[in-house]
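Taken together, the values in this text are just the output of simple stated rules run on the coordinates, not laboratory data. Quantities reported herein were computed from a predicted structural model and do not represent experimental measurements. Glycine also receives a Cβ, built like all others from the backbone with ideal geometry; neighbour counts cover every protein chain displayed.
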Amino acid sequence: MISEKKVERALEILIDREAEGAKARAANEYLDDMGKVILAKLMMESNEKSAAAKEIYARAHPAYAEHLEQKRAIAETDYRFRDKKAAACAIIDIWRTEQSNARGAGKIG
């Protein structure tokens with residue numbers, strides 16, 4: 001059985017008063033868009049002739065590698081918040097099912 005305390009904790013996660021989950025998701029999306037900007041700037045900086053060679057230069061550049069590392073860290077935080085919310089929803093769904101079953105058992109018995 002899901003305790004009232006677990007349900008309360010799940011609700012607190014879903015409420016997210018500090019909007020930490022939203023901030024993590026926004027940062028993840030922002031860094032995703034920034035990757036395109038960084039690639040474009042690095043490609044323009046390149047002295048290569050073809051577009052393919054410019055892209056290879058940009059993707060191999062240390063600045064782009066640093067961006068990818070930042071993106072990984074932010075994405076990890078974003079997914080951690082998403083997982084916590086999904087788990088909280090599952091706890092509440094289980095609790096609701098238990099409550100419904102208990103009501104149904106009371107009507108039959």
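At a glance:
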read-out: Residues of region 14-57 satisfying the condition of being more than 24 Å from residue 71 (Cα to Cα), among the hydrophobic types (A, V, I, L, M, F, W, C) and in contact with a Lys or Arg (Cβ under 8 Å, 6 or more places away or on another chain); value: 14
read-out: Region 44-80, subset acidic (Asp, Glu) and closer than 30 Å to residue 15 by Cβ, residue surrounded by the fewest Cβ atoms within 10 Å (Cβ to Cβ); value: 76
read-out: Residues satisfying the stated conditions in region 35-49, i.e. aliphatic (A, V, I, L, M) and in contact with a helix residue (DSSP H, G or I) (Cβ under 6 Å, 6 or more places away or on another chain); value: 38, 39, 42, 43
read-out: Candidate set from region 81-109 (those that are surrounded by 12 or more Cβ atoms within 10 Å (Cβ to Cβ) and among the basic types (Lys, Arg)); member that is nearest to residue 7 (Cα to Cα); value: 96
